[in-house]
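Notes follow once the structure below has been shown.
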Amino acid sequence: MLTAADVRRIAHLARIEITAEQTQATLAQLNDIFAMIEQMQRVNTDGVEPMAHPLGGRQRLRDDVVTESDQRDENMKNAPDQADGLFLVPRVIE
Amino acid sequence: MSELSHATVAELGRLLEAKDVSAVELAQLFLKRIDAHKDLNAFLDVRPEVTLAQARAADERRARGETGPLLGVPIAHKDIFVTRDWCSTASSKILKGYMSPFDATVVANLKEAGMVCLGKLNCDEFAMGSSNENSAYGNVLNPWDKTAVPGGSSGGSSSAVAARIAPVATATDTGGSIREPAAFTGVTGTKPTYGRPSRWGMIAFASSLDTAGLMTRSAEDCALVFGAMLGFDPKDSTSLERPREDFTRSLNDGVKDLRIGVPEEFFGAGLQDDVAVAVRAALTEYEKLGAQLVDISLPNAELGIPVYYVIAPAEASSNLARFDGVRYGHRAADFAGLPDMIKKSRSEGFGAEPKRRILVGTYVLSHGYYDAYFIKAMKVRRLIADDFQRAFTQCDVIASPVTTSVAFGFGEKASDPVAMYLADLYTVPGSLAGIPSMSIPCGFGKKGRPVGLQLMTNYFEEAKMLGIAHAYQQATDWHRRVPEGY
């Protein structure tokens, strides 16, 4: 069973704000979900290789060459705040 | 003109080839229908001028002598695929107004084949959901019964194809998001082998499961469009290096002596009678066509939901970490410093279900729980996949219901996440294994709502599976039924 402290901890790790009122409802829902998830613990999986890709894909490597042209303007057109081709964020170093 | 809107992709291609209709006329017809059926809320972004420009380009290609079964045929894209010319939001507030600098590979492939895009389709936020109730842009209605959900997450795709406001639509399936909505709306919904369609430009949910597919009016239509849509893409690190295929090659193979595996676990408690009756009748139809039924067992399939709700949220929590209000997407208006800006932007931008899954995923990946949950789930995932391989030594195809019930009503499961998750009970095992699977209409259940039959074949056997579905669709007309008023 998760606790309210667990919910606050994972919410912080995930950078999700949860108000005090939401914490109890979220806790109840997460505990329902984990009660369902616990069913998988009853299967013996000793010696079973974890499956990450259905067909055991290997990571391909490509030649280390430039394949893209400069698309800075295109790639920045959705930025919430920018200047001189740079993404702007609040000051982090005083 | 209504008959034209009811035509299949195959039929539209022949009419275009014969110059009986132009791409521009088809685009106009469907744009008009989209507008007339706005209440379905299937579309999130429609830009007639862009659609018509694409249609004119297709007509010019034909005028220059180019041919092709898809050249000039309209299609609509689920809003999980990014597009240069329409907004790409994943039905989330966090991506409101986002304009992609590029087209997803799937979108580009279909455009290359000459398909004309009608716009972007509503879905559950980040493809997380089974009813389309998780969209930040409102519910999509089921044209068979407007009090019923259209299924999810590809609810805009299923509703649009069922209502004949698009002849075909792209969709995506992570745990059942093509097959479940297809079943709920009486259309043909197909998910190919994981890794065959490119994930490049598909807004990521759970990368080891996300698979692009289609909502169509027939298995034949799916075979035609898959031919242009699927193929190796070097830009997707898990794309499989397989040559392009003609997916229509097995359409007329028939089902004589075909062994259809019937898994007892998919007909147990929880399956409602109306669905069971329709599915059993479909199996009897296959026997009449010369197939034989074989009892099989998928003993670990019932663990699909628990396994899925570890793996998918874990991958989602990692994928959705990119939304930070810095490079694109929603940024909060009021904040105190950078960490607060990121936290507030995410909290305002994400809806309840993505937040819930991010939290579950963060927990199962966190220190001390990784082995107990994430690694354990990956091990059980292999047991589930192994069950399928054992079953395919006894049969050529597996048949089952797609869902335990017909489409449920709005609000019925919205407040109970676990009840909603169980809507994918029969579809999740195939997703975890990564095998091709599809839903074909096989009748109607309670309140006249459609029922789907699920077919599953082994890896890379899409053409065979579509042929098996086609045989059924040659003998029955469930897939040709149109909801009243459309």
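What follows is calculated from the coordinates using simple rules that are stated; it is not laboratory data. From a predicted model like this one, the values you see are computed outputs, not experimental measurements. Using ideal geometry, Cβ is built from the backbone for each residue, glycine included, and neighbour counts are taken over all protein chains shown.
List of remarks:
- The stretch B:329-376-the stretch B:81-112 distance, computed between alpha-carbon centres (Å): 24 Å
- Chain A, helix-only ellipticity at 222 nm - DSSP H runs n ≥ 4, -39,500 (n - 2.57), divided by all residues, nearest 500: -10500 deg cm²/dmol
- Peptide B:305-311 shows a mean partner chain C-beta count of 5 within 10 Å per residue C-beta.
- Rounded to whole numbers, the Karplus 3J(HN,Hα) couplings from phi for the stretch B:167-174 are x, 7, 9, 6, 8, 9, 10, 10 Hz, using 6.51 cos²θ - 1.76 cosθ + 1.60 with θ = phi - 60°, and x at Gly and Pro.
- Acute angle (nearest 10 degrees) that the helix A:20-37 long axis makes with the longest principal axis of chain A, alpha-carbon atoms: 70 degrees
- Mean Cβ neighbour count within 10 Å, used as a protection proxy, ranking B:179-192, B:376-389, B:319-332, B:252-265 highest first: B:179-192, B:376-389, B:319-332, B:252-265
- Neighbour counts of C-beta atoms inside 10 Å place B:HIS470, B:HIS37 in the sequence B:HIS37, B:HIS470, starting with the fewest.
- Cα long-axis angle, helix A:4-13 against chain A (0 to 90 degrees, to the nearest 10): 20 degrees
- Relative contact order, percent, chain B [alpha-carbon distance under 8 Å, six or more residues apart]: 18 percent
- With both residues required to sit in chain B, DSSP beta bridges show an antiparallel share near 70%.
- Residue order, fewest to most beta carbons within 10 Å, for B:LYS343, B:LYS38: B:LYS38, B:LYS343
- For the segment A:26-32, counting C-beta atoms of other chains within 10 Å of every residue's C-beta and taking the mean gives 3.
- Cα→Cβ-extended label distance, 7 Å offset, between B:ASP273 and B:ARG242, nm: 4.2 nm
- Peptide B:205-217 shows a mean partner chain C-beta count of 1 within 10 Å per residue C-beta.
- Fraction of alpha-carbon pairs over 20 Å apart in the stretch B:347-438 - percent: 56 percent
- Computed from the alpha carbon atoms alone, the convex hull of the stretch B:217-344 holds 238 Å³ per residue.
- Distance from the stretch B:159-226 to the stretch A:1-73 (C-alpha centre basis), Å: 24 Å
- Sequence of B:GLU49, B:GLU60 once ranked by neighbouring C-beta atoms within 10 Å, starting from the fewest: B:GLU49, B:GLU60
- Candidate aspartates and glutamates for bridging to B:LYS447, where Cα separation is under 19 Å - those fewer than 8 sequence places away on the same chain excluded: B:ASP145, B:GLU180, B:ASP273, B:ASP274, B:GLU412, B:GLU484
- Entries of B:LYS38/B:LYS413; B:LYS96/B:LYS235; B:LYS379/B:LYS413; B:LYS146/B:LYS413 with Cα pairs more than 22 Å apart: B:LYS38/B:LYS413; B:LYS96/B:LYS235; B:LYS379/B:LYS413
- Cα-based shape type of the protein assembly as shown, given that a ≥ b ≥ c are square roots of the gyration tensor eigenvalues and the cut on a/c is 1.5: oblate
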